[in-house]
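Here the structure comes first, spelled out in structure tokens, and everything after it is commentary.
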Amino acid sequence: MRLIFLGGLGEVGKNIAALEYGNDIIVVDCGIGFPTNEMLGVDMVLPDITYLAERKDKIRAIFITHGHEDHIGSLPYLLPQLDAPIYATRLAIGLISVKLKEHKLLDNAKLNVVEAGSAPIKAGAFAVEFFHIVHSIPDSCGLGIHTPVGTIVHTGDFKFDLTPTDGWRADFGQIAHLGNEGVLALLSECVHVETEGTTPSEQEVKATFDRLFRKAEGRVIIATFGSLIARVQIALDLAYKHGRKVAVLGRSMENNVAMAVEMGYLQVPEDTLIKISEARDLALNKVVVVITGSQGEPSSVLTRIANQENRFINVIPGDTIIVSSTPIPGNEVAIIRVINSLLEQGADVYYSQVARVHVSGHASQEELKMMISLTRPHYIVPIHGERRHMVAYAKMAAEMGIKAENIFICGNGSVLEFTADSATAAEPVRAGALFVDGGSISNIGDVVLRDRQNLSRDGVMTIAVSIDSETGELAGEPDIVSRGFVEPETSDDLLNRVREVVRNTVKLEREAAQVGDWPQLNRRIKEAVSQFLFVQTKRRPMLLPMIVEV
Ligand SMILES: [Zn+2]
Ligand SMILES: [Zn+2]
């Protein structure tokens, strides 16, 4: 039995794994990754699933642990290559349907709703059971995957909040039952392993919100993730308690709340949910607005409010604004800028550094240990984490007495081969990233990204040179245009001197009797100008010489 990791290891994002036995393959999750700061102009990152696409006929099913983007986001792009039925809980299926519909894939998709705790689903040589766990989106599950060589437990993303907002605790019984029957390998998420103890309950957020609601004299505005239904539930409950009404704003938030209400994941106290237009008619101290943008994303509602660009909401001094999240690494600067701007405009702003307005959706150390204790696996593979998380997890597991040789730190492309009593690392397979760039999937490689980095740092300069094809002499002044490099007003002198460099280069080449070798002339101009500009400005704009024969 082969276990193949195609994404989500050594990174947080684009989770996807596959299990292969004989003629059967099943896939677990199919997520997107988020571009890092260096990936300029890239909107999303998809896993490279060449391995699966080449074995499409063997794929029996896709099992989805929960409805977060890093677990379902690639489906609209990759489902046509996988072409297999999808199994997930009701909310995840709802979220997947919305995506597939947008991409006109819904009609041909085979979607199956699974209830946590129900009988295992057969898929070729495998049978998969879903067990409920707590996470930052409702109806999240881990998987018990029964294979011909033993049971693999995949934790999904989890924590063991004993007082979750919806009261639906993890199914310890089912997890322990898997452990009692024998677990060959545990694939455990590990992204929050650096935190000691247990992850605080969502109830602690509720307690903080309660205190802030009581204190607030104006509106309460809560910014959080569009999928964090539990946070919306808290807002609704407390609004009801404090005599306020709740409006939601932001496309993903509005869609998710509508879906969660319709599917029964969100309990709305009587008349508590109103339209944003209705909120305007209420006294400020009767209003709660739940919005998107807790990461400082440029187009989000919170950022637009901070920039005074939102149609519905401007900061009114006395507003209480709660930024209910922790920044995903890379977003810190953006969110801090937003917070400062809101404070400047007179809002009272609460964020994770000053109040417990957010708790993680992921297990801390003691919960991760608890999962190991319940499942008592023979082998352990940390997944869903950066290298540092996987290494810290491996150390933690070793401290619990798991033999070092039974803990595997894998990467994308890693393959583990299992028998009933052994596990070995096998030859890795192709894995990597595809970029979604302005709506289309492309193979833009490192070169393109490096160019974009250079462009963003040093700008660009085009140098159009017309040359007499007979004599090799300049047929006019070199035409130079630059963007993002030097201020146009101050650049006249510099550009004149660049023209001079170009003239000299053309002359030297002609004297060296290189007339007609335009690629070489192109290169020479580039070198000469680049060197000149670097000496003058210490910068290296991207240079694009164009030689026109006349
Ligand atoms: Zn998640
Ligand atoms: Zn995740």
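Since every read-out is calculated from the coordinates, none of them should be taken as a lab result. The structure displayed is predicted, hence computed values, not measured ones. No Cβ is skipped: glycine too gets one built from the backbone with ideal geometry, and neighbour counts run over all protein chains shown.
Mind checking the stretch 88-187 for trypsin sites (Lys or Arg not before Pro) that DSSP puts in a loop (not H, G, I, E or B) and that have at most 15 other Cβ atoms within 10 Å?
The qualifying sites are K104, K110, R169.
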Distance violations [Cα-Cα > 28 Å] among K56/K403; K206/K286; K14/K110; K14/K101:
K56/K403
DSSP H segments from the chain that extend 15 Å or more along their own axis, Cα-based, with Kyte-Doolittle mean of 1.0 or above
332-344
May I ask which residue of L302, S277, I328 lies farthest towards the positive end of the charge dipole of the stretch 202-350, with charges of +1 (Lys, Arg) and -1 (Asp, Glu) on Cβ and the Cα centre as origin?
S277
Under a Cβ-only charge scheme (Lys and Arg +1, Asp and Glu -1), can you give me the dipole magnitude of the chain about the Cα centre, in debye to the nearest 20?
720 debye
Can you compute the modelled spin-label distance between T195 and D517, with each label point 7 Å from Cα toward Cβ, in nm?
6.3 nm
Can you compute the FRET efficiency between I336 and E204 using 1/(1 + (r/R0)^6), with r the Cβ-Cβ distance and R0 = 41 Å? Round to the nearest 0.05.
0.95
Point-to-point label distance, R457-Q308, nm (Cα→Cβ direction, 7 Å offset):
3.6 nm
Over the Cα atoms of the chain, how large are the radius of gyration and the largest Cα-Cα distance (Dmax), in Å?
28.3, 88
Final fewest-first order of T471, T224, T208, T292 on the 10 Å Cβ neighbour count is T471, T208, T292, T224
Just rank Y240, Y265, fewest to most, by other beta-carbon atoms within 10 angstrom.
Y240, Y265
If each residue's Cβ is checked for other Cβ atoms within 10 Å, how do H71, H389 rank with the fewest at the top?
H389, H71
Gain on full stretching of the segment that runs from R251 to E344 - 0.36 nm per residue minus C-alpha separation
30.8 nm
